[in-house]
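Read-outs throughout are calculated quantities, based only on the coordinates presented, and are distinct from any laboratory measurement. A quick note: this is a predicted structure, and the numbers were derived from the prediction, not measured. Backbone-built Cβ (ideal geometry, glycine too); neighbour counts: all protein chains shown.
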Amino acid sequence: MITLLKNARILSMKDDKIIFGDIAVTDNCISYIGDHYEGQTPDRVIDCQQNLLMPGFKDAHAHTAMVFARSAADDLPLHDWLYETIFPMEAQFQSNDIYHLTKLGILEYLTSGITAAFDMYFVPPEIIRASEEMGFRTVILATSDKEPISLLRERYLGYNKENSLISYQLGIHAEYTTSPERIKAVADLAKELHAPTFTHVGETESEVQGCVKRYGKTPLSYLVSQGFFANGGGAFHCNYFTKEEIELCKKLGIYVVTNPGSNVKLASGIAPLVEYQKAGVKLAIGTDGAASNNSLDMFKEMYLASVLQKVSRKDASAMDGFDVLKMATVGSAHVMGLKDADVLEVGKLADIIMIDLQNPAMQPIHNIPKNIVYAGSKDIVKMTMINGKVLYYNHEFFVNEPIASIYENAQRITDRLGKKKC
Ligand SMILES: [Zn+2]
């Protein structure tokens, strides 16, 4: 199956250059990028009308099924939000709930040009079923303490197959929600499998204080002392790292995954991305869950990732818009282990989005990458292609289930969890 995307502007994200030309997709991979495609007759031709093709955004930290708690527990302190609202709602989950809710989250990703999510949530088989049925790329980060270590090993070896929409990484939810024994057991398994590890860390000041009280160390330092991150990996939020911890990130190859939307809404803090950048730490961006964000929108995250650095440092040059675009595409792909989905290049996966340059917010055309970061929104996403398949085009979904049925299921579950607000 060959799909030809012709007459486009192309931003490969290998650098900030934009070329005019065509991209051909054969099955799930990019088979041609250049001025003019003259290969085998394509099965489908999409005239891009000089709109922009670029790699899809990768959401490097998400809890997709948490759409059930969108706007169900707002304007509360973080502790009350988590322990008195979110955890009790999650305790009422029944079978298939996560499957249906994940589908709703995926629809939202598609509207924001997000072609893959690093999904930290319960019941991986339900997430996988939803992702595969929708044609969405998911990297599972299973962190439930209830799953035996042997199951984690089995899944790591079983799910990480070539040519699959699904892959799997090891992690824990957070230091403050995980026993020392479990942290050590996951670290030991990662060592055995030569695998990276991932967790929430340094999100709030009280988390840091609690860890210092428990172990005499700040959370990242404590985790490293337990062998966690021995093969690198990624840390989510990272608002409060010491100088030594920034050095540890650099030394061990730990990516900082920033979640600015969630952090400002829960008043957790601002990740000092400029400090991380200066130290040579690699950066990526995630939305976190819709319970705290409340949307799954990479445009909002990119904007905040840049402007929060500027305002907190009172320096409008503190963070460059193109660097942020790179974090949301290349950086996020790399931390998720999706090296074949980072840039547009022959042989890479066809996870491609089209940006509508005919949208007023994208006019006049001056600096397209900066326009996307500082003036972009979901409105400018014209197409989302994953694994060579167009799943969203001209604001219409091309997925396996009617949208109304996905909404209906999500509403039914949300009503049952008892937190419906009109
Ligand atoms: Zn999170």
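Based on the alpha-carbon gyration tensor of the stretch 172-285 and its eigenvalue square roots a ≥ b ≥ c, which shape applies: rounded if a/c is under 1.5, prolate if not and a/b is larger than b/c, or oblate?
Here the stretch 172-285 falls in the oblate category.
How do the peptides 400-410, 375-385 rank, highest first, by the average count of neighbouring beta carbon atoms within 10 Å per residue? Please report the intermediate quantities before stating the final value.
On the way: 400-410: 14.4, 375-385: 21.1.
So the order, starting with the most tightly packed, is 375-385, 400-410.
Note down the magnitude of the dipole of the stretch 299-352 about its Cα centre, charges +1 on Lys and Arg C-beta and -1 on Asp and Glu C-beta and zero elsewhere, to the nearest 20 debye.
On the way: 7 positive and 8 negative charges, 55 e Å.
Its charge dipole is roughly 260 debye.
Which entries in the list K282/K370; K146/K217; K300/K378; K58/K184 go over 19 Å, if you measure between the two C-alpha atoms of each? Please list the in-between numbers first.
Numbers: K282/K370 21 Å; K146/K217 26 Å; K300/K378 9 Å; K58/K184 29 Å.
Cα-Cα > 19 Å for K282/K370; K146/K217; K58/K184; rest within.
Shape of the stretch 57-337 from its Cα gyration tensor (a ≥ b ≥ c, root eigenvalues): rounded if a/c is under 1.5, otherwise prolate when a/b > b/c, or oblate?
Values: a/c = 1.28, a/b = 1.11, b/c = 1.15.
Because its axes are fairly even, with a/c under 1.5, the stretch 57-337 counts as rounded.
Determine ³J(HN,Hα), in whole Hz, for all residues of the stretch 176-192 in sequence, where each value follows from phi through the Karplus function 6.51 cos²θ - 1.76 cosθ + 1.60 and θ = phi - 60°; x replaces Gly and Pro.
Here the 3J(HN,Hα) series is 6, 10, 10, 6, x, 5, 5, 4, 5, 5, 5, 4, 5, 5, 4, 5, 4 Hz.
Sum -39500 (n - 2.57) across every DSSP H segment of at least 4 residues in the chain, then divide by the residue count to get the 222 nm mean residue ellipticity, nearest 500. Intermediate values should be presented prior to the final figure.
Details: 15 runs with 144 residues, N = 422.
Value at 222 nm, helices only, nearest 500: -10000 deg cm²/dmol.
When ranked by the protection proxy of mean other Cβ atoms within 10 Å per residue, highest first, what sequence do the peptides 296-305, 313-322 form?
On the way: 296-305: 24.5, 313-322: 13.9.
Per-residue mean Cβ counts within 10 Å order the peptides as 296-305, 313-322.
Could you work out the mean projected area of the convex hull around the alpha carbons of the stretch 1-157, in square nanometres to one decimal?
Across all orientations, the stretch 1-157 yields a mean hull projection of 12.7 nm².
Give the residue from M362, I114, T242 lying farthest towards the positive end of the charge dipole for the chain; charges sit on Cβ (+1 for Lys and Arg, -1 for Asp and Glu) and the dipole is referred to the Cα centre.
In the chain, that residue is T242.
Tell me, what HN-Hα J-couplings in whole Hz come from the Karplus equation 6.51 cos²θ - 1.76 cosθ + 1.60 at θ = phi - 60° for each residue of the stretch 83-97, using x for Gly and Pro?
Once θ is set to phi - 60°, the couplings for the stretch 83-97 become 7, 9, 10, 5, 4, x, 5, 5, 5, 9, 4, 10, 4, 6, 4 Hz.
Please identify the trypsin sites (Lys or Arg not before Pro) of the stretch 319-376 that satisfy two criteria: DSSP loop assignment and at most 15 other Cβ atoms within 10 Å. Which are they? Present the calculation step by step, with values, prior to reporting the outcome.
Details: sites: K326, K339, K348, K370; in loops: K348.
Filter output for the stretch 319-376: empty list.
Per-residue HN-Hα couplings for the stretch 216-222, Karplus 6.51 cos²θ - 1.76 cosθ + 1.60 at θ = phi - 60°, whole Hz, x for Gly and Pro?
Calculated HN-Hα couplings, in order: x, 9, 6, x, 5, 4, 4 Hz.
Counting other C-beta atoms within 10 Å, and keeping those with at most 15, which DSSP coil trypsin sites (Lys or Arg not before Pro) do you find in the stretch 153-257? All intermediate terms of the calculation are to be shown ahead of the outcome.
Details: sites: R153, R155, K161, R182, K184, K191, K213, R214, K217, K243, K250, K251; in loops: K161, K217.
Hits after loop and neighbour filter: K161.
Tell me the relative contact order for the stretch 1-126 as a rounded percent, counting alpha carbon contacts under 8 Å between residues six or more apart. Display every interim value, and only then the final one.
Working: 181 pairs, mean separation 32.9, N = 126.
Worked out over the stretch 1-126, it gives 26 percent.
Nearest 20 debye, what's the magnitude of the dipole of the stretch 57-337 about its Cα centre given +1 on Lys and Arg Cβ and -1 on Asp and Glu Cβ? Provide the component values of the computation, followed by the final result.
Numbers: 26 positive and 33 negative charges, 147 e Å.
Its charge dipole is roughly 700 debye.
Let me make sure I get this right: for the stretch 38-127, a, b and c are the square roots of the gyration tensor eigenvalues over alpha carbons, sorted descending. Under 1.5 in a/c it's rounded, otherwise prolate if a/b > b/c, else oblate. Which is it? The partial results should precede the final answer.
On the way: a/c = 3.52, a/b = 2.28, b/c = 1.54.
In terms of gyration-tensor shape, prolate.
Using only the alpha-carbon atoms, what does the stretch 326-422 span along each of its principal axes? Please give whole angstrom values in decreasing order.
Extents along the principal axes, in whole Å: 47, 34, 24.
Compare the Cα positions of L417, L391, Y407 along the charge dipole of the stretch 381-422 (+1 at Cβ of Lys, Arg; -1 at Cβ of Asp, Glu; about the Cα centre) and return the one farthest towards the positive end.
Of the listed residues, the answer is L417.
Treat the count of other C-beta atoms within 10 Å as a stand-in for reagent exposure and order H63, H366, H334 from fewest to most. Provide the component values of the computation, followed by the final result.
On the way: H63 28, H366 8, H334 18.
By the 10 Å Cβ count, ascending: H366, H334, H63.
Got the relative contact order for the chain handy, in percent, Cα pairs under 8 Å and 6 or more residues apart? Intermediate results must be reported in sequence, preceding the final value.
Numbers: 907 pairs, mean separation 88.0, N = 422.
Rounded, it is 21 percent for the chain.
Quick one: order F93, F229, F118 by neighbouring beta-carbon count within 10 Å, fewest to most.
F93, F229, F118
Are there GluC sites (Glu not before Pro) in the stretch 148-222 that DSSP puts in a loop and that have at most 13 other Cβ atoms within 10 Å, and which ones?
Details: sites: E154, E162, E175, E181, E192, E203, E205, E207; in loops: E162, E203.
Passing both the DSSP loop test and the Cβ count: E162.
Would you be so kind as to identify which of L283, S262, S295 lies farthest towards the positive end of the dipole of the stretch 254-314, taking Lys and Arg as +1 and Asp and Glu as -1 on Cβ and the Cα centre as origin?
Final value for the positive-end residue is L283.
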